[in-house]
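The values are calculated or read from the model by the stated rules, or taken from the named source; none is laboratory data. This one's a predicted model, so the numbers in the text were calculated from it and none came from an experiment. We place every Cβ from the backbone using ideal geometry, glycine too, and count neighbours over all the protein chains shown. Protein only, heavy atoms only, side chains kept; ligands, DNA and RNA dropped before computing areas. Shrake-Rupley method; radii C 1.70, N 1.55, O 1.52, S 1.80 Å.
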Amino acid sequence: MFDIATLFQTCTGFILTALCWGFTNPFIKRGSEGLEKIKRDSWLKQTLAETYFLFTNWKYVVPLAINLSGSAVYYYTLSSAEITMAVPITNSLALIFTLLAGTMLGEPAPTRKELFGMFLVVSGVALCITS
């Protein structure tokens, strides 16, 4: 039997997961700016310095926490959805949200080829869902 409440919950989970994963990517990238300037003389000191830099920087930590919370939503959503549907839907939506957030932050607009590629990805997912 078709349950509208479960369908709504599943769709909401897909969209919320994609928002958490996709929209935060440009913010994580921006929050990690300056990481390349850290230079230490050993691998261990370099790793510790980079880790300290990232995890004491709220511009990195906040988007990362939101991004990771998307994984919790995703696993919860999988309880009511087929994984064969969840993966392509969520990842294609995350791609779109990453593009939107990047554009809002002033990153270069996508080229026509990139937009066409995104259209093909979303069309392919739509075909998978409807078949």
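Could you give the C-alpha radius of gyration of the chain expressed as a fraction of 2.2 N^0.38 Å, taking N as the number of residues it contains?
After normalising by residue count via 2.2 N^0.38 Å, the value is 1.29.
Where Lys and Arg each count +1 and Asp and Glu each count -1, what net charge lies around residue 34 among other residues with Cβ under 14 Å from its Cβ?
Its environment carries a net charge of +2.
If you take the charge dipole of the chain about its Cα centre, with +1 on Lys and Arg Cβ and -1 on Asp and Glu Cβ, which of 122, 49, 10 is farthest toward its positive end?
Final value for the positive-end residue is 49.
For the chain, what is the calculated [θ] at 222 nm in deg cm²/dmol (nearest 500), taking -39500 (n - 2.57) for each run of four or more DSSP H residues and dividing by its residue count?
Computed mean residue ellipticity for the chain: -24500 deg cm²/dmol.
Report, in whole Å, the centroid distance computed from the Cα atoms of the range 74-130 and the range 1-63.
That distance is 17 Å.
Carbon and sulfur together cover what percent of the accessible area of the chain at a 1.4 Å probe radius?
Numbers: 6450 of 9010 Å².
Its accessible area is 72 percent carbon and sulfur atoms.
From the phi angles alone, apply the Karplus equation (6.51, -1.76, 1.60; θ = phi - 60°) to the range 46-63 and give each ³J(HN,Hα) in whole Hz, x where the residue is Gly or Pro.
4, 4, 5, 5, 5, 4, 4, 4, 5, 7, 10, 10, 5, 5, 9, 5, 5, x
Ordered by residue, what ³J(HN,Hα) values in Hz, to whole numbers, does the range 116-131 give under the Karplus form 6.51 cos²θ - 1.76 cosθ + 1.60, where θ = phi - 60° and Gly and Pro are x?
5, x, 5, 4, 5, 4, 5, 5, x, 5, 4, 5, 5, 5, 7, 8
Rounding to the nearest 20 debye, state how big the charge dipole of the chain is about its Cα centre with +1 on each Lys and Arg Cβ and -1 on each Asp and Glu Cβ.
Taking the Cα centre of the chain as origin, the dipole is about 460 debye.
Obtain the nm distance between the two label points defined at residue 41 and residue 130 by a simple spin-label model: each point lies 7 Å from its Cα along the Cα-to-C-beta direction.
About 6.5 nm separates the two model spin labels.
If the viscosity is 1.002 mPa s and the temperature 20 °C, what Stokes-Einstein diffusion coefficient in µm²/s follows for the range 9-86 when Rh is the Kirkwood radius over Cα pairs?
Result for D is 152 µm²/s.
Quote to one decimal, in nm, the extra length available between residue 49 and residue 76 on full extension: 0.36 nm per residue of separation minus the C-alpha distance between them.
6.2 nm
At what distance in nm do the modelled label points of residue 104 and residue 3 sit from each other, each positioned 7 Å from its Cα along Cα→Cβ?
The answer from the label model is 3.3 nm.
Can you classify the range 53-126 as rounded, prolate or oblate using the Cα gyration tensor, where a ≥ b ≥ c are the square roots of its eigenvalues, rounded means a/c under 1.5, and otherwise it's prolate if a/b beats b/c and oblate if not?
oblate
Over the Cα atoms of the range 23-64, how large are the radius of gyration and the largest Cα-Cα distance (Dmax), in Å?
10.9, 35
Using the per-residue mean of other Cβ atoms lying within 10 Å as a proxy for protection, in what order, highest first, do the peptides 26-32, 77-83, 90-96 fall?
90-96, 26-32, 77-83
Pairs of lysines 8 or more apart, or on different chains, with alpha carbons under 23 Å: count those in the chain, would you?
8
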